[in-house]
Amino acid sequence: MKRIILTILLGAALASQARADGGMWLPSLISQRIKDMRSQGCRLSAEDIYSINQASLKDAVMLFGGGCTGEMISDEGLLITNHHCGYRYIQMHSSVEHDYLRDGFWAMNRSSELPNPGLSVMFLERMEDVTDKVLAGVTVSMTESQRDSVVKAASSSLAEAASREGKGFKAEVEPLYYGNIYYLFVYREYRDVRLVGAPASSIGKFGGDTDNWMWPRHTGDFSIFRIYADKDNNPAEYSEDNVPYVPKRSLRISRKGVSEGDFTFVYGFPGTTREYLHSAGVSYVAEMSDPVKIDLRTRRLSIMKKYMDQSQAVRIQYSSKSASVANSWKKWQGEVLGLEKNHVADSKKAFERDFASWAKGGRYDGVLERLETIYSKLNPLELARDIYLETANVIELTTFAYNAGVLAVKKDSAALVKLADAFYKDWVPAIDREVFSAMMTEYDRLMADEFKCPFYKEKMNEYGSAEKWGEAIFDGSVFADRAKLEAALAQGDGFKSDPAYLFATGFSSWYYKDIVPERKKLTLELDLAYRDYMKAQMDYRPKYPFFPDANLTLRVTYGKVAGYSPADGVTYKPVSTLKGVMEKDNPDIFDYNIPQVLRDVYASGDYARVPVCFLATNHTTGGNSGSPVMDAHGNLVGLNFDRVWEGTMSDLAYDPEICRNISLDIRYVLFILEKVAGADHLIAEMKFAD
Ligand code: ARG
Ligand code: ASP
């Protein structure tokens, strides 16, 4: 009896060891996870997901615009991604007469689709373990920086060879598991990508920054583009002669959707995670870096908000700026709460204690001490850098002065004119002045004396206060006035004694002298220590399925549709509906003011239960925006676009209890296309599973 119980316990322990919480898996190794996936309801084979011999689901997925994911939804080049991923391009085509951001845009035929210079998409052709080739020239006696050069040289020659394999090929070698393994990724890049349509922001960005990172959510976060290729279906620069790209694979769309408990998986390009961090790294984020950055951004955002609330024009000028400041600001707050509530640093410490007794006397003895020593030197430097980047480096005028100065020295007047146009169009001096005073006051309070920039001390002595110094800069700089700037530039290097320019260079010369070199040295040491620590963790837990941290390479993650409990006494359901959009609808609140046409459509039929968004336990991060969310059969059921606030610590520690990804239900996309956009011609191109 005892033996049986012991066997059962042991079996359970092993099984739970083999079960990962979260995970972003390499598609080419998905055969290692397929058993677990199938045990959770998946009906596909590993070959269906990733194959080098035939078209597989991976061929429908692409890196969109260098930072998002998109997927093919027709065999005539149609792709779908998030509204917030297409935002820049929608904005680029918008003007007062055609405000596509405000009103939406739908090309009713192919000749009305809008080209987007600079936008490209990349499909993964294949990936390959090249560790042996990359490390072939590395010897044990090498220093870390010698190893680094050998690795870089081998990587770039492998990548270069692969990029010559075909038209539009691009290749990269990326380290995984902190450089224990190297993979070659071979992509095909398409550069003629046209805007087909996007809903009005009041649908595509419904809820705005108020609902961002939150559940319940009702955002119709999608936009649609079309890829064009040359007559042979090869990548080509924009040309009127190009034809719609025929993909190796496009996704079938499910009209059935998914419900609570159903298996789902996400294919996409997650940007950065750090799941195997030492406790000192976690504490740095939770106790030093995030709180300081949150505090600084709270001040900056409240200044912006004050002016945005007073003027419609200012609101438009600063909406995109404040949205991007607010996005990370809000995420960091959720991250700190999650790290604290889950005692992540403490559980890392407990793990480290056990690990240390296992490692004692062996080849990894001392690796934790090495990490601790490096962190104790690196953390103060990182904090100084964070403070600099969030204070002196956020002043719009001085940043512009610096960048314009660089272009003036290079005599690149075309770029300078472009930069100046963009700057003056959306610059409100009163906001920037107030931000300057607030940030310089905070700099004084937060920056440790030993790191305070000498230029800062000198100027504060001279002017006595941040306000006075600010006045001297904002009243005295030619960069604050376009006409004066042009006159100064005509004179040659007249700008070099300008107070805004001097401010920027004063800080940056400190940064490049006092922070950058030492930080680089310590980061290299840290990389080396992590390479050992990562390997050690894998040896210590041989049965645990370690996934490589995200690095903007293609991954598969899987989970189930599930709600969660954000607080005691509260549970969230995993599905939101159009009824909820109507409940939030309020013409007086900018973020919740839906277009009249949606109100009319709603009133005209029985649409309360149209699904809008759903939650699942897929482990995702920034870069997964726009990723296809698929059901057990690989049919498209949604578009990933966000995570819940309480679970944003998943970048450092995934907790299946509260980490959820938020997806847009594909049926809401179809509803908007049909009822609001009248874009039946697009629906006609799609293939449906049911
Ligand atoms: N939080 C999401 C992400 O990190 C969506 C951001 C766009 N939406 C917004 N309201 N700013 O990208
Ligand atoms: N919203 C993120 C993105 O744009 C996704 C996330 O961080 O969950 O990629």
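The values are calculated or read from the model by the stated rules, or taken from the named source; none is laboratory data. All values reported here derive from a predicted model rather than from experimental measurement. Note that we place each Cβ from the backbone using ideal geometry, even for glycine, and neighbour counts take in every protein chain shown.
Residues that are aromatic (F, W, Y) and within 16 Å of ligand 2 (Cβ to nearest atom): which helices (runs of 4 or more DSSP H) entirely in segment 18-122 hold 3 or more of them?
Numbers: elements: 34-39, 46-49, 83-92, 100-103.
Qualifying helices (runs of 4 or more DSSP H): none found.
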**Prompt:** Could you list, in sequence order, the residues of segment 298-314 that are part of a helix (DSSP H, G or I), surrounded by fewer than 21 Cβ atoms within 10 Å (Cβ to Cβ) and not hydrophobic (A, V, I, L, M, F, W, C)?
**Reply:** T298, R299, S302, K305, K306, Y307, D309, Q310, Q312
**Complete:** Taking segment 637-659 and the residues there that are within 14 Å of ligand 1 (Cβ to nearest atom) and of a type in the set (G, A, S), the one that is farthest from I34 (Cα to Cα) would be G647
**Complete:** Taking segment 123-138 and keeping residues free of Cβ contacts under 8 Å to residues at least 24 places away in the same chain and not in a helix (DSSP H, G or I) leaves A136, G137, V138
**Item:** Output for segment 315-337, where each listed residue is within 12 Å of ligand 1 (Cβ to nearest atom), of a type in the set (S, T, Y), crowded, with 16+ Cβ neighbours inside 10 Å and touching a residue at least 60 places away in the same chain (Cβ under 8 Å)
**Value:** S322
**Asked** Could you count how many residues in segment 633-645 are within 15 Å of ligand 2 (Cβ to nearest atom) and farther than 12 Å from E335 by Cα?
**Response** 5
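Scan segment 459-491 for residues that are outside any helix (DSSP H, G or I), at pLDDT 95 or above and more than 19 Å from N403 (Cβ to Cβ) and report the count. Quick ask: steps written out before the conclusion?
Step one: filter segment 459-491 for residues outside any helix (DSSP H, G or I), giving 464-465, 477, 481, 491.
Pick out the ones that are also at pLDDT 95 or above and you get 464-465, 477, 481.
Still in the running and more than 19 Å from N403 (Cβ to Cβ): 464-465.
Of the residues in that region, 2 qualify.
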**Message:** Being under 25 Å from the mean Cα position of the chain (by Cα), within 23 Å of H84 (Cβ to Cβ), within 16 Å of ligand 2 (Cβ to nearest atom) and in a loop (DSSP other than H, G, I, E, B) is the requirement here; does T648 meet it?
**Reply:** no
**Message:** If I filter segment 279-296 for residues that are over 30 Å from V581 (Cα atoms), modelled with pLDDT of 95 or more and in a loop (DSSP other than H, G, I, E, B), do I get at least one hit?
**Reply:** no
**Prompt:** When only residues in segment 69-104 that are more than 16 Å from ligand 1 (Cβ to nearest atom) and out of contact with any strand residue (DSSP E or B) (no Cβ under 9 Å at 6 or more places or on another chain) count, which is modelled with the lowest pLDDT?
**Reply:** V96
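Scanning segment 342-362 for residues that are basic (K, R) and in contact (Cβ under 8 Å) with a residue 60 or more places away in the chain, which turns out surrounded by the fewest Cβ atoms within 10 Å (Cβ to Cβ)? So that I can check it myself, show each step before the final result.
Restricting attention to segment 342-362, the residues satisfying the condition of being basic (K, R) are 348-349, 353, 360.
If we keep only those that are in contact (Cβ under 8 Å) with a residue 60 or more places away in the chain as well, we get 348-349.
Values: K348: 21, K349: 15.
Step by step, filter segment 342-362, then rank; the result is K349.
This table checks each residue for (1) at pLDDT 95 or above; (2) within 30 Å of G626 (Cα to Cα); (3) of a type in the set (A, V, I, L, M); (4) surrounded by fewer than 18 Cβ atoms within 10 Å (Cβ to Cβ).
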position: D493; (1), (2), (3), (4): no, no, no, yes
position: K496; (1), (2), (3), (4): no, no, no, yes
position: P499; (1), (2), (3), (4): yes, no, no, no
position: W510; (1), (2), (3), (4): yes, no, no, no
position: D539; (1), (2), (3), (4): yes, no, no, yes
position: K543; (1), (2), (3), (4): no, no, no, yes
position: T553; (1), (2), (3), (4): yes, yes, no, no
position: G569; (1), (2), (3), (4): yes, no, no, yes
position: V575; (1), (2), (3), (4): yes, yes, yes, no
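In segment 584-636, what count of residues is obtained for those that are of a type in the set (K, R) and either in a loop (DSSP other than H, G, I, E, B) or away from ligand 1 (no atom under 16 Å from the Cβ) (or both)? Walk me through how you get there before you give the answer.
Step one: filter segment 584-636 for residues of a type in the set (K, R), giving 584, 599, 609.
Retained after the next criterion (residues that are either in a loop (DSSP other than H, G, I, E, B) or away from ligand 1 (no atom under 16 Å from the Cβ) (or both)): 599, 609.
Result for segment 584-636: 2.
Does at least one position in segment 604-616 carry a residue that is on the phi > 0 side of the Ramachandran plot, free of Cβ contacts under 8 Å to residues at least 12 places away in the same chain, over 26 Å from the mean Cα position of the chain (by Cα) and away from ligand 2 (no atom under 15 Å from the Cβ)? Write out each step before concluding.
Taking segment 604-616 as the starting set, the residues that turn out to be on the phi > 0 side of the Ramachandran plot are none.
No; the residues of segment 604-616 include none that is on the phi > 0 side of the Ramachandran plot, free of Cβ contacts under 8 Å to residues at least 12 places away in the same chain, over 26 Å from the mean Cα position of the chain (by Cα) and away from ligand 2 (no atom under 15 Å from the Cβ).
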**Prompt:** Based on what the data block shows, is S565 part of a helix (DSSP H, G or I) and hydroxyl-bearing (S, T, Y)?
**Reply:** no
